[in-house]
Amino acid sequence: MTTYAIAHLTVTNPESLAAYRDKAGAALAKHGGAVVQASSDFKVLEGAPDLPTAIAVLSFPDQASAFAWKNDESLQDVHALRMNSGKTEIVCL
């Protein structure tokens, strides 16, 4: 069953995020993942959330693949670029 991951990024280091974007697609694809949508242009539909700089929706074949992507030792340098770009939070559905 397809799993979606929602990433909230509050960017404080745009250079690190740019370097991450260059490598993110291949890193996701290694575990069957893909970016469904990513944008810094979004609107609040309901409530008053603390808004990040950008939101991304990722898809994976299943939750195991999402966790394999996050925990893959060979991708830790790629994940470090994302985490060094500012505050990141990722939730799986």
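The values are calculated or read from the model by the stated rules, or taken from the named source; none is laboratory data. In this text, all values refer to a predicted model and were calculated from it rather than measured experimentally. Backbone-built Cβ (ideal geometry, glycine too); neighbour counts: all protein chains shown. Protein only, heavy atoms only, side chains kept; ligands, DNA and RNA dropped before computing areas. Shrake-Rupley method; radii C 1.70, N 1.55, O 1.52, S 1.80 Å.
Observations on the model:
- Any chance L81 is out of contact with any strand residue (DSSP E or B) (no Cβ under 9 Å at 6 or more places or on another chain) and either among the acidic types (D, E) or touching a residue at least 40 places away in the same chain (Cβ under 8 Å) (or both): yes
- Which listed residue, of G32, G25, is at positive phi and at pLDDT 95 or above: G32
- Selection status of A26, surrounded by 12 or more Cβ atoms within 10 Å (Cβ to Cβ) and of a type in the set (A, V, I, L, M): no
- The condition (being open to solvent by 40 Å² or more (accessible area, probe 1.4 Å), touching a residue at least 60 places away in the same chain (Cβ under 8 Å) and out of contact with any helix residue (DSSP H, G or I) (no Cβ under 6 Å at 6 or more places or on another chain)) is satisfied by just one residue among E89, E46: E89.
- Qualifying residue in segment 59-77 (condition: of a type in the set (S, T, N, Q), free of Cβ contacts under 8 Å to residues at least 40 places away in the same chain and open to solvent by 80 Å² or more (accessible area, probe 1.4 Å)): yes
- Under the condition of being more than 22 Å from A64 (Cα to Cα), of a type outside the set (D, E) and out of contact with any helix residue (DSSP H, G or I) (no Cβ under 8 Å at 6 or more places or on another chain), the residues counted in segment 13-37 number 3.
- The residue of segment 1-12 that is farthest from A54 (Cα to Cα), among those that are out of contact with any helix residue (DSSP H, G or I) (no Cβ under 6 Å at 6 or more places or on another chain) and open to solvent by 30 Å² or more (accessible area, probe 1.4 Å), is M1.
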